[in-house]
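Working notes, beginning with the structure itself.
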Amino acid sequence: MQTIGIIGIGLAGLRAAAELRARGFTGTIVGWNAEGVPPYDRPPLSKELFGDFHHLLADDGLGDLDELAVDVCGEARTITRDGTWFVDGTPVDVLIIASGARPVQSIAGASTLYTLQDARALRASITPGSTVHVVGAGWIGMEVASVASAIGASVNVWEASQHFLDRTFHGTVDDIWGTWCEEAGVNVHLNQPYPGGNCDVLVQATGARPTVDFLPVGARTARGALQATSEGCVLDEEGTEIPSLYAAGDCADLGGLPGGHWTQALSDAGRLAACIMGESEPRPAPPEVFSTQFGHEITLIGEVPQADTGVREGLSIRWESGAFLGIDAPRETSRARKALRKQMAAAQTTAAIQAS
C-alpha cells in the first residue's frame with residue numbers, strides 16, 4: 001500500500017489523514033478538496049455568524065495538510081476501478097470518501113448556509129431591522145434565528161413538522177425553545193409549510209443530503225448516505241465489503257449509525273484508519289451536538305429515543321438510554337459524556353466476547 005486517496009478534506013477527511021500518519025503510514029496521501037480552501041470548522045458558521053466564524057482546523061490542533069504531507073487537488077470528478085482505484089486518472093491503493101453533505105435547496109431565491117462563502121453572504125444581507133424568513137426549525141435554522149434576532153432583525157421561522165428540532169428530540173424540547181423564541185421576539189410557525197411572502201432575507205435550513213452522487217458504487221442508506229461497516233468499509237448492494245473503499249463523516253452511516261455529528265466524524269476517521277493499518281478498533285464515542293442559541297450553551301450527548309420523554313433536571317434532560325441534553329450545565333454534561341462512553345465500551349466488549 002503506497003498511495004491513499006481522500007475525497008473531501010473537511011473534518012473527517014483531515015482527521016483520516018492525521019490518524020493514518022499517527023499510525024505509521026509513510027506513503028503518499030492525495031486529497032481532493034472541492035471548496036479549494038484550507039479545512040475549517042463548519043459549526044461556527046451559523047453559531048458565530050456575526051462574530052469570528054472562520055476557525056481553521058489546523059489552529060485547533062486537528063491537523064495541518066502541509067505537516068501531514070497531503071498532496072491537495074481540486075474537485076474529484078471521475079472515479080473508476082480496474083484492480084486499483086483511479087480518481088481523475090490518479091491511481092490510489094485505498095480510497096476514502098469523506099465528501100460530507102450539502103444543504104437541501106428547493107425554495108427559489110433562498111439562501112443556504114454551509115460554506116464560508118455562504119456565511120459571508122448571509123452576514124452581509126442580514127442587518128438590524130431587516131426582515132428574515134427562516135424555513136426549518138432544526139439546528140441550523142434555530143441558530144440563524146438566534147443570531148439574527150440578537151442583532152435586531154425581525155425573524156419568522158416556519159417548520160413543517162409539529163416540533164422544534166423534531167428529528168433530534170421528537171417533541172421533548174418544544175417548551176424550552178418556545179420560551180426562548182418568545183423572549184427573543186422570534187415568531188415561530190410550527191406544523192406550517194413555508195407560505196412565501198415578502199422579506200429581505202430568506203434562509204432555507206431543511207436538512208442536508210450526503211454528497212455521494214459522484215461515486216458509481218456502494219449501497220445507500222435511507223438518507224442517501226454510503227452504507228459501511230463500523231470500521232468504515234463501504235458495502236455493495238449485497239452487503240459485501242468493496243475492496244479498499246472506505247467512508248467517514250456526514251456522507252456515510254457506519255455500522256448502522258447515521259453520520260452528521262462533529263464528534264462522530266472524528267470517531268469514524270479513527271476507526272477506518274485503524275482498519276486500514278491493521279490495528280485494533282478504538283473505543284466508540286457517543287455522537288455529540290454543540291450549539292449556542294439565545295444566550296445558552298447547549299450540548300447533546302448520544303441519541304434521543306423516540307418513545308422516552310426523559311427526566312428534567314432544570315433546563316437539562318436525561319434519558320434512560322444514557323443520552324443527555326445539557327443546557328448551561330458543563331459539569332453534568334461532562335459526567336454524562338464519561339458515563340455514556342463507559343456504557344458503549346462495555347457493550348463493545350460484550351459483543352466481542354459473544355462473537356468469539
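The values are calculated or read from the model by the stated rules, or taken from the named source; none is laboratory data. Note that the structure is a prediction, hence the values are computed from the model and not measured. Backbone-built Cβ (ideal geometry, glycine too); neighbour counts: all protein chains shown. With ligands, DNA and RNA removed, areas are computed over all heavy atoms of the protein, side chains included. Shrake-Rupley method; radii C 1.70, N 1.55, O 1.52, S 1.80 Å.
Some points to look at:
- Among the candidates LEU49, LEU65, residue that is farther than 25 Å from GLY270 by Cα, modelled with pLDDT of 95 or more and assigned to a loop (DSSP other than H, G, I, E, B): LEU49
- Neighbours by Cβ (under 8 Å, 6+ apart or cross-chain): first from segment 291-310, touching a residue at least 60 places away in the same chain (Cβ under 8 Å); second aromatic (Phe, Trp, Tyr) and assigned to a strand (DSSP E or B): LEU300/PHE324
- Residues of segment 207-221 satisfying the condition of being open to solvent by 50 Å² or more (accessible area, probe 1.4 Å), within 17 Å of the chain's Cα centre (by Cα) and more than 21 Å from SER267 (Cβ to Cβ): ARG209
- Some residue of segment 212-230 being under 27 Å from ILE140 (Cα atoms), in contact (Cβ under 8 Å) with a residue 40 or more places away in the chain and among the β-branched types (Val, Ile, Thr): yes
- The residue that is farthest from GLY260 (Cα to Cα), among those in segment 128-142 that are open to solvent by 30 Å² or more (accessible area, probe 1.4 Å) and in contact with a strand residue (DSSP E or B) (Cβ under 9 Å, 6 or more places away or on another chain), is GLY129.
- Here the condition is being part of a strand (DSSP E or B), at pLDDT below 95 and open to solvent by 70 Å² or more (accessible area, probe 1.4 Å); of ARG81, ARG77, it holds for ARG81 alone.
- If you go through segment 143-185 and keep only what is among the β-branched types (Val, Ile, Thr), open to solvent by 10 Å² or more (accessible area, probe 1.4 Å) and in a loop (DSSP other than H, G, I, E, B), you end up with ILE151, THR172.
- Residue among GLY31, GLY83, GLY100 that is under 22 Å from ALA228 (Cα atoms) and touching an Asp or Glu at 6+ places or on another chain (Cβ under 6 Å): GLY100
- Note on segment 227-343: enclosed strands (runs of 3 or more DSSP E) holding 1 or more residues that are open to solvent by less than 40 Å² (accessible area, probe 1.4 Å), at pLDDT 95 or above and closer than 26 Å to VAL186 by Cβ are 288-293, 296-301, 316-318, 324-327.
- Residue ID - farthest from SER146 (Cα to Cα), chosen from residues in segment 30-46 that are in a loop (DSSP other than H, G, I, E, B) and within 16 Å of the chain's Cα centre (by Cα): PRO39
- Selection count, segment 190-206, where residues are buried (at least 16 other Cβ atoms within 10 Å of the Cβ) and either under 21 Å from SER161 (Cβ atoms) or at pLDDT below 95 (or both): 7
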